[in-house]
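Note sheet for the following structure.
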């Protein structure tokens, strides 16, 4: 009796999943009659959804390109990011099939859903960028403060001899760059509040670029500068809109 109950339960769970998989497999490949059922509406609606499809196409394509790069670089920080991106690709392909078959109402509705999904996944990554950028800029502020304090101490100790330390780092340029980085961060936060996650990630990247440059500039030895670029090598690649390739992993 118990085995029979478990069999029924498993069947009840699996059937909807199988049905959904079958729907996904045939989406965009419907026959003419099925297309007509999905594409019912007035001529005005047909024109409106055609305009939506054409207006959103480039935006979605750019969003998918960006997601491909950032999911490769930071996908481990967003659970199910790669699965979500794969689903977006499939849904977009189906929407395009509707469009090229002149089923404009079906394509417009499908593309609106894809656009929402793209923005939603970009939003999850924007939170990751925010965490990384905030931490990096705090590190920059700490580094500038540390250099200033060290130089004050050194100058105080050498004041009796009326001499200055052998090494001196001018932090004024780094301070200026940090102001720019925080301005970029504020723009990123503003864009994120408006759900404009694509633009917010652009500004997060600019802020991180300034931050990494600051940390490198504050180092004197080339080995120390290289340590900074090595530490943030993935971020540097991502800032250039490139997928990070680890030379050590590929064996150079």
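A few points about this structure:
- Check on residue 76, in the same structural domain as residue 36 (by TED's automatic domain parsing), surrounded by 19 or more Cβ atoms within 10 Å (Cβ to Cβ) and in a helix (DSSP H, G or I): no
- One residue alone among 64, 8, 88 is in a helix (DSSP H, G or I) and at pLDDT below 95, and that residue is 8.
- Single match in 206, 243 (criterion: assigned to a helix (DSSP H, G or I) and either exposed (fewer than 11 other Cβ atoms within 10 Å of the Cβ) or modelled with pLDDT of 95 or more (or both)): 206
- Residue list for segment 152-195, filter: over 23 Å from residue 210 (Cα atoms) and at pLDDT 70 or above: 152, 153, 154, 194, 195
- Selection count where residues are part of a helix (DSSP H, G or I) and modelled with pLDDT of 50 or more, scope segment 14-55: 21
- Hits in segment 120-152 - residues which are in contact with a helix residue (DSSP H, G or I) (Cβ under 6 Å, 6 or more places away or on another chain) and surrounded by fewer than 18 Cβ atoms within 10 Å (Cβ to Cβ): 123
The values are calculated or read from the model by the stated rules, or taken from the named source; none is laboratory data. Since this is a predicted model, take the numbers as computed values, not measurements. With ideal geometry, Cβ positions are generated from the backbone for all residues, glycine too; neighbour counts draw on all protein chains shown.
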